[in-house]
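Working notes, beginning with the structure itself.
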Amino acid sequence: MDVLTPTTLVEALRLKAEHPDAWAIQGGTDLMVALNFDRARPERVLNLNEVRELRGFTRQNGSLRLASGLTYAEIEHGELRDELPALAEASRTVGSPQIRNRGTIGGNLGTASPAGDAIPPLAVERAEVECASVRGTRRVPVTDFITGVKRNALEQDELITAVWLSPSRAPQTFMKIGPRNAMVIAVVSLAVAADDELRACFGSAAPRPVLVTAPRDEASSFPERVAEAAAPIDDVRGSERYRRHALRVLTERALKRVLA
Amino acid sequence: MRVSLTINGERHEADCWEGESLLFALREKLGFPGSKNACEQGECGSCSVLYDGTLVCACLVLAAQADGHEVTTVEGLAEGEELHPVQQAFVDAGAVQCGFCTPGLVVATADLLRRSPDPSDDEIREALSGNLCRCTGYAKIFDAVRAAARS
């Protein structure tokens, strides 16, 4: 095994182009588990910790560019909390303080788990994922970026460099069901926002995120619409029937919050 | 590969396998067995250390990522023979049963009190939510955190 540690984005993209099989590691909260349990032995690991361009966030003409190395702790405690309240709420439910200090938004998208907590709140804000390679940069809507269970639209030579969004400033919320508050993989999760339309996206209830929208005056049928858009499975964490039911209940509660 | 890092204020170097965790390097290569190895997936917090001043699970940091960085382990909290106030509070409160979770809880508590010297019960619960006590001795642990905050 080899660890490549670039210190600039240019170098990181060059290394990824030269070694498309290299696994990108940022916070390590997913990849290290695979390594510790011998579930993966990548030939090369691309350590992105030292790439300064992948830290923090910037503003450009009313848009926010969240660099892929932005941690949940930074979202939860920093100034983004007011602009992206649902994402901040979701970040607060991730793992534990230790996990939130290391886990990143780019890692959540890279892992592309249906349970990824950052994904529903990003989807209701119509966020786009910035994918970069030596060939250039492109942006993919988050709902298209996740292509299936633990699959994403990243090309072999690409890295996730950022997430772009224009904060809607809409009332919004995030909800998550699990057996305890900390260290929970969502049984189901849900983000809802309401401005001139209603938007919802769920986690752990379909192989890929779906953005469900409706006019504001259709709030009464919205919970059913959200539940119908899901394609949940029976697994150790919950049944298909429970998940659909929970989505109905959560959507009702979320609407009470965001339409209040 | 050669990894060079600062542990509890002193420079250390070790030859590490590229895929090993900081926790493994600390315990097996560098002579710092205070951080405990349990779940190896960030669930239990018994390997909690400060990494560049931030609370992390050492099992989820690649040893190679720690090259050039600063780590504080539970061994680095006491001043010589004098226990850190959090360690003393754990002793005084009887917050130690089997002791396996104690190093992680002590480091997490020290981190909490540094940021928030007078935490509410909810803050304590939140800050220690990533540390599991398999003996379920949470009541005494709570007492210790409150006592350390007062000291």
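No value in this document is a laboratory result; all are computed from the given coordinates. Given the structure is predicted, the values throughout are model-derived calculations rather than measurements. Note: ideal-geometry Cβ built from the backbone for every residue, glycine included; neighbour counts use all protein chains shown.
Using only the Cα atoms of segment A:90-206, build the gyration tensor, take square roots of its eigenvalues as a ≥ b ≥ c, and label the shape rounded, prolate or oblate: rounded if a/c is under 1.5, else prolate if a/b is larger than b/c, else oblate. Oblate shape, in that a/c is at least 1.5 and b/c is the bigger or equal ratio. Centre-to-centre separation between the Cα atoms of segment B:86-136 and those of segment B:3-53: 20 Å. In chain A, the DSSP-assigned H stretches of four residues or longer account for a calculated mean residue ellipticity at 222 nm of -8500 deg cm²/dmol, using -39500 (n - 2.57) per stretch and the full residue count as denominator. In chain B, helical runs assigned H by DSSP with n ≥ 4 each contribute -39500 (n - 2.57); averaged across all residues and rounded to the nearest 500, the mean residue ellipticity at 222 nm is -8500 deg cm²/dmol.
Remark: the Cα gyration tensor places the protein assembly as shown in the oblate category, a/c being 1.5 or greater and a/b not exceeding b/c. Using the alpha carbons alone, the radius of gyration of segment A:80-131 stands to its Kirkwood radius in an Rg to Rh ratio of 0.94.
Here the simple spin-label model places points 7 Å from the Cα toward Cβ, and for A:Val249 and A:Thr111 these points are separated by 2.6 nm. Taking other Cβ atoms within 10 Å as a rough exposure proxy, B:Lys140, A:Lys176, A:Lys256 sort from fewest to most as A:Lys256, B:Lys140, A:Lys176.
What is segment B:81-142 by shape, rounded, prolate or oblate, if you read a ≥ b ≥ c off the alpha carbon gyration tensor as root eigenvalues and call it rounded for a/c under 1.5, prolate for a/b larger than b/c, and oblate otherwise? It is oblate, given that a/c is not under 1.5 and a/b is not larger than b/c. Roughly what % of Cα-Cα distances in segment A:172-258 sit above 15 Å, to the whole percent? The answer is 52 percent, as a whole percent.
Fewest neighbouring Cβ atoms within 10 Å first, the residues B:Glu81, A:Glu228, A:Glu79 line up as B:Glu81, A:Glu79, A:Glu228. Once the Cβ-Cβ distance of A:Arg180 and A:Tyr242 is raised to the sixth power relative to R0 = 22 Å, the FRET efficiency obtained is 0.80. Residues of segment B:56-88 with an amide N closer than 18 Å to a point placed 7 Å from the Cα of B:Asp15 along the Cα-to-Cβ direction: B:63-64. Reported value for segment B:1-74: 71 Å³ per residue, from the convex hull of its C-alpha atoms. Taken as Cα centroids, segment A:115-175 and segment A:220-258 sit 23 Å apart, rounded to the nearest whole angstrom.
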